[in-house]
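What follows is a single structure, written as structure tokens, with notes after it.
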Amino acid sequence: MNISLSQCFIAVDDHDKAIAFYRDVLGLEVRNDVGFEGMRWVTVGAPSQPDVNIVLEPPAADPNTSPADKQAMAELMAKGLLRGVIFSTDDCDALFERVSASGAEVLQEPTDQPYGVRDCSFRDPAGNMLRFNQPLKK
């Protein structure tokens, strides 16, 4: 039996800002942009991974979410506590320079970690933590 990742979800509060960041700064391609009942879902992904999609969704996409829960989710998203994604890169330092030049909030500058990667991290426009790993050469 083979299992592979197909989709992951990131909550965003402004799809246009999210598209500008994920497409224009990170270089991901927009694969789908769907509106339904006043909400919007945008799918992005790396050209090198056509079978892996990141869905940029509203923070309270379930229509049964109560107003109190929607407010709680918005507050958690503003603090960067809803979701995070870890990307792989072959050049952590170059990626850091490109993303930091975009004005994204820097959480960590490139650092060699004891678990075998050089990594850095940022917040996307919605506050989600994004980490970028590069394997250390042995």
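Structural remarks
- Residue in the range 99-111 that is surrounded by 14 or more Cβ atoms within 10 Å (Cβ to Cβ) and either at positive phi or without any contact (Cβ under 8 Å) to a residue 12 or more places away in the chain (or both) present: no
- Within the range 75-93, considering residues that are at pLDDT 80 or above and assigned to a loop (DSSP other than H, G, I, E, B), the one surrounded by the fewest Cβ atoms within 10 Å (Cβ to Cβ): Asp90
- Residue match in the range 18-32 (condition: under 25 Å from Ser88 (Cα atoms), in contact (Cβ under 8 Å) with a residue 40 or more places away in the chain and touching an Asp or Glu at 6+ places or on another chain (Cβ under 6 Å)): yes
- Within the range 89-126, the set of residues being small (Gly, Ala, Ser) and touching a strand residue (DSSP E or B) at 6+ places or on another chain (Cβ under 8 Å) comprises Ser100, Ala104, Gly116, Ser121, Ala126.
- Of all residues in the range 62-82, exactly one satisfies the criterion of being closer than 19 Å to Gln7 by Cβ and without any contact (Cβ under 8 Å) to a residue 24 or more places away in the chain, namely Asp62.
- Subset of the range 67-104 [among the acidic types (Asp, Glu) and closer than 14 Å to Phe132 by Cβ]: Asp90, Asp91, Asp93, Glu97
- Residue pairs whose Cβ atoms lie under 8 Å apart, separated by 6 or more positions or on different chains, with the first residue in the range 113-138 and in a loop (DSSP other than H, G, I, E, B) and the second surrounded by 20 or more Cβ atoms within 10 Å (Cβ to Cβ) and among the charged types (D, E, K, R), are Gln113/Asp119; Asn128/Arg83.
- Scanning the range 37-65 for residues that are surrounded by 13 or more Cβ atoms within 10 Å (Cβ to Cβ), small (Gly, Ala, Ser) and either closer than 30 Å to Val117 by Cα or under 14 Å from the mean Cα position of the chain (by Cα) (or both) returns Gly45, Ala46.
- Boolean, Ala68 is over 20 Å from Val99 (Cα atoms), of a type in the set (A, V, I, L, M, F, W, C), over 12 Å from the mean Cα position of the chain (by Cα) and modelled with pLDDT under 85: no
- Scanning the range 11-20 for residues that are under 13 Å from the mean Cα position of the chain (by Cα) and either farther than 17 Å from Glu75 by Cβ or of a type in the set (Ser, Thr, Tyr) (or both) yields His15, Lys17, Ala18, Ile19, Ala20.
- Residue satisfying all of: in the range 26-42; in contact with a helix residue (DSSP H, G or I) (Cβ under 6 Å, 6 or more places away or on another chain) and at pLDDT 95 or above; nearest to Asp62 (Cα to Cα) among these: Val42
- Complete set of residues in the range 95-138 that are among the hydrophobic types (A, V, I, L, M, F, W, C), in contact with a Gly (Cβ under 9 Å, 6 or more places away or on another chain) and more than 22 Å from Asp24 (Cβ to Cβ): Leu136
The values are calculated or read from the model by the stated rules, or taken from the named source; none is laboratory data. Computed from a predicted model, the values in this text were never measured in an experiment. Every residue, glycine as well, gets a Cβ built from its backbone with ideal geometry; the counts of neighbours run over all protein chains shown.
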